[in-house]
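Some notes on the structure that comes next.
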Amino acid sequence: KINCATLYTMTIGTLAASFLFSGDPLYQALSILLVVYLVSIYEGSDYMVGQIEELLIARRELDLASRHDPLTGLLNRRGIDRILAEACQSGEPLSVLMLDLDGFTLVNDKLGHAAGDDLLRQVGNRLSGLMRPADVAGRVGGDEFTVVIRGEAGPGFADSVAARAVAAVSAPFEIMGQPVRIGTSVGIATLDGHVASADEPANALLRQADAALYEAKRAGRGQFRQATVLYSVG
C-alpha cells in the first residue's frame, strides 16, 4: 500500500527526472530545484518528527519525576496515591504500611542535614530490599515512608513485612563514618475485596494506617500495629 508521502516523492521525482533528461537547460535547472525542494521537505519532516519525539520524551520524564522523591528515588505521595487508586479499582487484596522513623530528628540535628539526607536514602534502600516485584515503597514526608503490598491480604502477612521493616531500620547505619542507630514505628491497614470506587477505599486505608501508626508510636519504639481489616464489596 502506497502512502501519500511515497506517492508525493514518486511524482516529484519522476517530474524532476523528465526535466533533467529533456535536454532543455531551463527544464534541467527546474529539475535541480525540484530535487532541492524534495530534500528540504524530508529534512523539515525529520526535524518536526524529532521535535515531537523530544517533547513526548520530556513529558514522560516530567510525569515520572512528578511521582518520585528526588532524594531517595522512591515514589512520593502522588505516586503512592496513584498506585493505591489503581490497586483499589482492580479489586486485588491490598495492605498499606505507614512508617515513621524513631530518632531521625536527633540524628539530623546532631550531624546536620547532609547526614540526615544520607540516612533517608539508606532507609529507602533497605525498604526497597524487602519488596517483592509487585510491591512498592515510597517516601511521603520528611521521615515518613509508605509500603504498599499488592496481591496479598490478611494481618499475618502484613505483620511479617512490618516486622522485617522494623528489623531492617533498627540495624546500625554508617553515616559520615560513624555508626548511627534509629528505629521505626509502623501502622498497617488491609483491604480485601472488590470496590466500586477507588478513591474512598484508598483514603480509608491511609487514614486507618495512620491511626494504627499513632497507636504504635504510643506503645513505644520499634512497634507495629494493625488496623481493622477493611472489606468492601462492589
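The convex hull of the Cα atoms of segment 93-132, projected and averaged over all directions, covers 3.3 nm². Shown here is the pair-distance distribution of segment 63-126: with all Cα-Cα distances grouped in 5 Å bins from zero up to the longest one, the shares run 3, 15, 19, 19, 18, 12, 7, 4, 2, 0 percent.
For residue 122 and residue 200, a Förster radius of 30 Å and the Cβ-Cβ distance give a FRET efficiency of 0.25, rounded to the nearest 0.05. Distances between placed amide hydrogens fall under 5 Å for residue 68 paired with 76, all partners being 5 or more residues away or on another chain.
Each reported figure results from applying straightforward, stated rules to the coordinates on display, with no laboratory input. Since the structure is predicted, the reported quantities are computational estimates derived from the model, not experimental observations. Positions of Cβ are generated from backbone atoms using ideal geometry, with glycine treated the same way; all protein chains shown enter the neighbour counts.
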